[in-house]
Structure formats: structure tokens, C-alpha cells
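Chemist: Okay, here's the structure, questions in a sec.
The values are calculated or read from the model by the stated rules, or taken from the named source; none is laboratory data. In this text, all values refer to a predicted model and were calculated from it rather than measured experimentally. Ideal geometry is used to build each Cβ from the backbone, glycine not excepted, and the neighbour counts take in all protein chains shown. When the accessible area is computed, the model is the full protein with side chains, heavy atoms only, and any ligands, DNA or RNA have been set aside. Shrake-Rupley method; radii C 1.70, N 1.55, O 1.52, S 1.80 Å.
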Amino acid sequence: MLQWSRSTDPFSAALSAQWVRRNGGTHPLVSGGSITATSSGFFPAEFIARRAVGADQYVAVTLTQLHPGTSGGSPSCLVLRCPNSSTSGTVPIAFITNTRIGIYTMTSWAGANATARAAYANANGGANMTLGSRIEFFVAANTYYAFVNGALINSWPDTTAIASQTGRYGGLVMQNASDGSGSGVMAFDDFVFGDLRPTEVPTPMQSMNRSASF
């Protein structure tokens with residue numbers, strides 16, 4: 001029997017112990033049924049409720065608020081192959097603005113050494129993404145893919161194993177920052193993380209209850 005090994009968070013309540021904030025404070029946080037940040041900063045969080053079985057992993061969110069700046073927005077992010085550690089190692093991240101998605105790696109939870117691996121690509125023909133857009137980031141056979149509403153936007157083949165090969169968790173980053181035309185942050189809802197493909201689980205043994213007559 002096939003089973004999806006994925007977990008979700010609809011952000012209907014405050015972040016629980018299934019998340020670990022990596023900025024040492026209270027952000028990111030839940031506000032109005034979405035995850036966001038109300039203070040300026042770079043706020044990563046690891047989702048430790050689900051450990052992926054394998055290296056091929058999947059993370060997704062729904063966009064519920066665009067950055068209020070007019071030039072696209074400072075990026076918030078989705079993260080794969082997180083280590084569930086105070087030290088991030090080299091992790092792959094999808095940087096998401098109002099209009100584009102780029103694939104990067106970073107080497108600390110503060111965003112240090114953020115290095116472009118796939119240049120920003122337009123997610124909606126250069127126009128703002130629409131509220132309710134589904135953003136997916138996944139890795140298959142060590143190639144990373146970013147999709148919006150089922151359409152491939154960007155990809156990066158990690159041919160030299162730059163990113164972590166052992167991290168089994170996912171996460172996100174909410175970045176509340178100025179883009180040159182205004183300060184603010186995006187907001188996400190309906191977080192999903194887990195294995196890219198369903199896993200095979202044994203079919204339960206079926207018991208038969210027989211009467212005295214048969």
C-alpha cells in the first residue's frame with residue numbers, strides 16, 4: 001500500500017513544538033491564519049514534526065500576502081535538507097519575491113554566504129504572483145525544482161553535492177525587510193513537508209471472524 005509521508009501545518013494556531021525557530025526570538029509567527037513576521041529581520045524556522053525518509057524531499061506553501069513594496073519584495077524562502085540543528089550546514093533555499101523565484105544555498109541560519117545556484121526566473125511572466133498561488137520546492141535525484149501553480153519556474157542540478165546530503169527536515173524563512181520602495185513581509189499558509197514520492201507500507205493482515213456455521 002502506498003502512503004504519503006508528509007505532514008502539514010495550516011497555521012490556525014500559534015507555532016507549536018513541531019517548529020524550531022533559528023533566530024533566537026519569537027519570529028516567524030502566526031498572524032491571521034498565516035505565517036509571517038512583524039519585526040524586521042531574517043527569520044528561519046525548521047519543521048521538525050516530520051523527518052523525510054530519503055534524500056528526495058518536498059516542501060510547499062500557499063501565498064497569502066505579497067510584499068507591500070512596489071519593486072517585487074525582499075525574498076522569503078522555502079528550505080530543504082535542513083539538519084534539525086543550531087548549525088545549518090549548507091542548505092538549499094528557494095528565494096521567493098512577488099514576481100520571481102531563485103534557487104540559492106546558504107551556510108548559516110542568518111543567511112550567510114547566500115550563493116545563487118539558479119538565477120531568478122519570472123514566476124508569472126514578470127507580473128506579481130496572485131494570492132492563493134501554490135509554491136512548491138522539491139529535490140529529486142539531487143536536482144532542485146521550484147514550481148508555481150504546477151508550472152516549472154526554476155531548477156538547479158547539484159552535480160557536485162554542494163548542498164547537504166544528509167539533512168532530512170524542511171523549513172522556511174520569513175524575511176521582513178525593505179525592497180527600496182517599502183518595508184514588509186510576505187505571508188504563507190498551508191505548509192506541507194515530507195518525502196517527494198509516496199512510500200510503500202505493508203498491507204495489514206486481514207482477520208476473518210467466523211461463526212460456528214460455515
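Chemist: If you project the alpha carbons of segment 24-66 onto the principal axes, what extent comes out on each, in Å, largest first?
Modeler: 35, 25, 16
Chemist: What's log10 of I(q)/I(0) for segment 112-157 at q = 0.18, 0.20, 0.24 Å⁻¹, Debye sum over Cα points only, no solvent?
Modeler: Evaluating at q = 0.18, 0.20, 0.24 Å⁻¹ gives log10 I(q)/I(0) of -0.60, -0.72, -0.93.
Chemist: A further question on this structure: In percent, what relative contact order does the chain have, based on Cα pairs under 8 Å that are 6 or more apart in sequence? Write down the numbers at each step before the final one.
Modeler: Values: 582 pairs, mean separation 70.9, N = 214.
Once normalised by length, the contact order is 33 percent.
Chemist: Hey, what D do you get for segment 2-41 in µm²/s if you plug the Kirkwood alpha-carbon radius into Stokes-Einstein at 25 °C and 0.890 mPa s?
Modeler: Values: Rh = 11.6 Å.
D, rounded to a whole number, is 211 µm²/s.
Chemist: So what is Rg over Rh here for segment 24-115, counting just Cα atoms and using Kirkwood for Rh?
Modeler: Details: Rg = 13.5 Å, Rh = 14.4 Å.
Rg/Rh: 0.94.
Chemist: Report, for segment 78-186, the % of DSSP beta bridges that are antiparallel, rounded to 5. Each step should come with its number before you reach the end.
Modeler: Working: 30 of 30 bridges.
Roughly 100 percent of the beta bridges in segment 78-186 run antiparallel, per DSSP.
Chemist: For segment 1-111, what is the accessible area per residue in Å² when the probe is 1.4 Å? Write down the numbers at each step before the final one.
Modeler: Working: 4200 Å² over 111 residues.
Per residue, segment 1-111 has 38 Å² of solvent-accessible surface.
Chemist: Specify which residue in the list Ser181, Leu131, Val61 is farthest towards the positive end of the charge dipole of segment 55-214, using unit charges on the beta carbon of Lys, Arg (+1) and Asp, Glu (-1), about the Cα centre.
Modeler: Of the listed residues, the answer is Val61.
Chemist: In addition: Please give the charge dipole size of the chain, origin at the Cα centre, charges +1 on K and R Cβ atoms and -1 on D and E Cβ atoms. Round to the nearest 20 debye.
Modeler: Details: 12 positive and 10 negative charges, 59 e Å.
It works out to roughly 280 debye.
Chemist: Could you rank Glu46, Glu136 by how accessible they are, 1.4 Å probe, largest area first?
Modeler: On the way: Glu46 0, Glu136 40 Å².
In descending accessible area the options line up as Glu136, Glu46.
Chemist: Right, here's the next one. For segment 51-187, state the average projected area of the convex hull of the C-alpha atoms over all orientations, rounded to one decimal in nm².
Modeler: On the way: hull surface 30.5 nm².
Value for segment 51-187: 7.6 nm².
Chemist: Among Tyr145, Ser164, Phe43, pick out the residue whose Cα is farthest towards the positive end of the charge dipole of the chain, where Lys and Arg carry +1 and Asp and Glu carry -1 on C-beta, about the Cα centre.
Modeler: In the chain, that residue is Ser164.
Chemist: With label points built 7 Å along Cα→Cβ from the Cα atoms of Thr70 and Ala17, find their separation and express it in nm.
Modeler: Here the answer is 4.9 nm between the modelled labels.
Chemist: Can you tell me the convex hull volume per residue for segment 68-149, based on C-alpha atoms, in Å³ to the nearest whole number? Provide the component values of the computation, followed by the final result.
Modeler: Working: hull volume 9.0 nm³, N = 82.
Value for segment 68-149: 110 Å³ per residue.
Chemist: Taking only the alpha-carbon positions of segment 120-191 and ignoring solvent, what does the Debye formula give for the base-10 log of I(q)/I(0) at q = 0.15, 0.17, 0.18 Å⁻¹?
Modeler: -0.69, -0.86, -0.95
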